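The values are calculated or read from the model by the stated rules, or taken from the named source; none is laboratory data. Because the structure is a prediction, the values reported are computed rather than measured. Here Cβ is always computed from backbone atoms with ideal geometry, including for glycine, and neighbour counts include all displayed protein chains. Side chains are part of the model used for accessible areas, which takes the heavy atoms of the whole protein and leaves out ligands, DNA and RNA. Shrake-Rupley method; radii C 1.70, N 1.55, O 1.52, S 1.80 Å.
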Amino acid sequence: MKRLLEIEFHKFKYSRSSKVLTIIYLCIVVAMMFLGVVRVNFIDFEGSLSDLGIFNFPLVWHVSTYFTSFLKIFIAIVIVSLTASEYSNRTIKQNLIDGLSKRELILSKFYFVLVLALLTTMVVFIASLILGLIYSDYNELAIIFSDLQFVGAFFLSHLLFFSFCLFAGILLKRSAFALGFVFVWYIFESILNLAARGLDYYYELDITTLLSHVLPLNAMGNLIKQPFTRISLIDSGLNQLGSGDMQFEYAIEWVDVFSVLLWTSLFIYWSFWIVKRRDL
C-alpha cells in the first residue's frame, strides 16, 4: 500500500494545477475560521455570524460539513486531471511496463482517493473544532464530541464522489470530457427527480423517496441534510410564519450509508474492469 501511494503522490507532486487547486481548497476552508466576525443583518437580527449560534457545539459539525461539502469539486478536478494526464502522458503504460499490474494500478488510485477523502475530512474536522472552541458557548467534552456522525458522513460522501470522478476519468481519458460527464450525470439525476415528483403528485406514488436513496449523487447529498432550520433565528422565523409545525429530519439514514458504500465499490470495480479490458 505504501509503495502504491508513493507512486500516486509522486505524480501529484509534479502536477502544478493539482497543487494550485488543493491550495485553493485549503485557503477556503481556513477562511471559514474568520466567518465568525462577519456582520449580518437578517430579519430582526443584526450582529456577527457567531452570534447566530451556528458555531456552537454540536451544531458546528453539521453546519461546517454541509457547506464545505460543496468545495469537493476542487479536489475532484485534481483526481480527474491526474487520471486524464496519465493517458495523455502515457504514464499508465509506463507503470505497467515497470511491473505494476492492472490490479495494483487501480488499487493505487483507490488508495489515493481514500487518502484524499481522509485528508479533506481531517482538515474540516480541525477547522470545525477550532471554530467551535473559539465561538461556541458550550465547552463540555460530551457536547463537543456529539454529532460527530456528520464528519463520518462527510468522509463517505467525498469517498463516493472522488471514486465517481476517478471512474469518469478512466472511462473517458480526457479531463474536460470526464468533468462534463459528471455534470451531465448530475443533470440526469435532477431530471429524474423532477419526473418522480410529478408522478408522485399525479399518481400518489413515492418514487422520489426511492430515488433519493438509490441514485449515487442523491444518496451522497442525502447523507448531510440542510442545517438551516436548526439555527434558532430561522426556526423562530418559521414559527412566526406559521410553519413551526413542520418536521425536519437531520439524522443520517443507514440506507444512504449502504447506498454510498455500494456505489463506491461499483465505481472502483468498474474502473478496474475498464482498465483490465482496455489496451493501454
**Asked** Quick one: in the range 167-224, which of the residues that are among the aromatic types (Phe, Trp, Tyr) and crowded, with 17+ Cβ neighbours inside 10 Å is farthest from Asp256 (Cα to Cα)?
**Response** Phe181
**Item:** Which numbered condition Asp206 misses (of (1) more than 21 Å from Val113 (Cα to Cα); (2) modelled with pLDDT of 90 or more)
**Value:** (2)
**Item:** Matching residues in the range 86-115 - criterion: being within 20 Å of Cys165 (Cα to Cα) and open to solvent by less than 20 Å² (accessible area, probe 1.4 Å)
**Value:** Glu86, Ile92, Leu105, Ile106, Ser108, Lys109, Phe112, Val113
**Request:** Mind checking which helices (runs of 4 or more DSSP H) fall wholly inside the range 168-230 and carry at least 2 residues that are of a type in the set (Val, Ile, Thr)?
**Result:** 175-203, 207-214
**Request:** Filter the range 251-280 for residues that are surrounded by 14 or more Cβ atoms within 10 Å (Cβ to Cβ) and of a type in the set (Ser, Thr, Tyr) and give the result.
**Result:** Ser259, Thr264, Ser271
**Message:** Against the definition (among the small types (Gly, Ala, Ser) and buried (at least 21 other Cβ atoms within 10 Å of the Cβ)), how does Ala142 come out, yes or no?
**Reply:** no
**Request:** Tally the residues that are among the acidic types (Asp, Glu) and in a helix (DSSP H, G or I), restricting the search to the range 253-280.
**Result:** 1
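A quick yes/no check of all residues on (1) within 22 Å of the chain's Cα centre (by Cα); (2) more than 20 Å from Ser175 (Cα to Cα); (3) modelled with pLDDT of 75 or more; (4) open to solvent by 30 Å² or more (accessible area, probe 1.4 Å):
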residue	(1), (2), (3), (4)
Val29	yes, yes, yes, no
Gly36	no, yes, no, no
Val40	no, yes, no, yes
Phe45	no, yes, no, yes
Ser50	no, yes, no, no
Tyr66	yes, yes, yes, yes
**Message:** Given (1) in a helix (DSSP H, G or I); (2) over 23 Å from Val260 (Cα atoms), identify the lone condition not met by Asp137.
**Reply:** (1)
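In this structure, is Leu241 modelled with pLDDT under 95, over 15 Å from Leu160 (Cβ atoms) and out of contact with any helix residue (DSSP H, G or I) (no Cβ under 9 Å at 6 or more places or on another chain)?
For Leu241, the condition - modelled with pLDDT under 95, over 15 Å from Leu160 (Cβ atoms) and out of contact with any helix residue (DSSP H, G or I) (no Cβ under 9 Å at 6 or more places or on another chain) - is met.
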